[in-house]
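Structure first, commentary second.
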Amino acid sequence: MSRPNVGNLVVYSQEGDDDVVLPSTSTRYRIVEAIVHLALSLLETARGRRVWLTGSSRRRPPPPHIYRDSLANMPYWIQRFLQSMRENFPPISISGGFNGEAAASKYDWGQDMNDYDAGGAGVLYVSEAIISNMTHVRQQASASTGSSYELFKFQMTISVAHEIVHFLTGFITGTILPDTPPAVTAVPYNDRGDVGEAGRYWESMFLGGFVECWSSTSDPLGPRQAGLPYLFNAGSKQSATGQQVSMSYVEEFLNEQFTFPIRASSRARPVTRRALERGGSRETTHLRELPSFRAAGRANSPTPSQAAAGTPSRFRRINFYSR
């Protein structure tokens, strides 16, 4: 099988106070590479481009921004952005310094969109806990891990695609601020009113909802588990309704057979977050916060904002709980 096509990919691992470059032959590097390739493939679909165009046409980006062309030419610029991401992806840091699956830390990069180089536009942080879990399940007998690796990859692909959408905002503004235009968002992620949430907007329009993974009390992997993916129809409210995602859909997705909206299991019944919690389940971001899982020293790992001082970072994390 050929290697994924992600140009100039550099993956760092935070080892104590040092950032260590992983060799391209390492398991962790290959896991991250496969996730990024799939996330880019997802955004490169015709549907992916249309969703971005819908967002950009709602309102011209407010000042300051560096987009000087007609909105009719936005498809060209989206293609240029994606091509730059594909050819020279931003450096990636496997980090334990934040709670969530991934985070985009943008940089001020320039004033002319023709000069854009994704490799210098920021840093993408990915969860040390999840990459560690994916490495762990790859090393175990498949009978004991089931579909855990595939479910982790599904979750991380969506999370990385979400963060790439935030880099798109930086492409249009040229600077770290404004973060996201207020009009490009999804309820309730614009609770501040003055800042949108482009990644969540993309999820709601592209995926048909919001994907979250919830733990199973019977999973032998315990806090290392991937959890079961659910597609919820609304943001972080406990009363929002979701359905478990079809495993056959996950398999098709990982084979780049993309269809949307995400398909629920035919046996799945609608369930609320409140009902899942009452049944003993937890959203897996919080499951991985358990002290029994944290490796020694992880709490001292630099956060994305510490690693790039003054740079706002967008975290794909559920804000529990808005009632």
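Of the strands (runs of 3 or more DSSP E) that lie entirely inside segment 1-112, those containing 2 or more residues that are at pLDDT 85 or above and aliphatic (A, V, I, L, M) span 18-21, 92-95, 102-106. Condition check for ASP219 on (1) under 19 Å from the mean Cα position of the chain (by Cα); (2) under 23 Å from PRO270 (Cβ atoms); (3) crowded, with 16+ Cβ neighbours inside 10 Å: one failure, at (1).
The values are calculated or read from the model by the stated rules, or taken from the named source; none is laboratory data. Being a predicted model, the structure only gives us computed values, none of them experimental. Every residue, glycine as well, gets a Cβ built from its backbone with ideal geometry; the counts of neighbours run over all protein chains shown.
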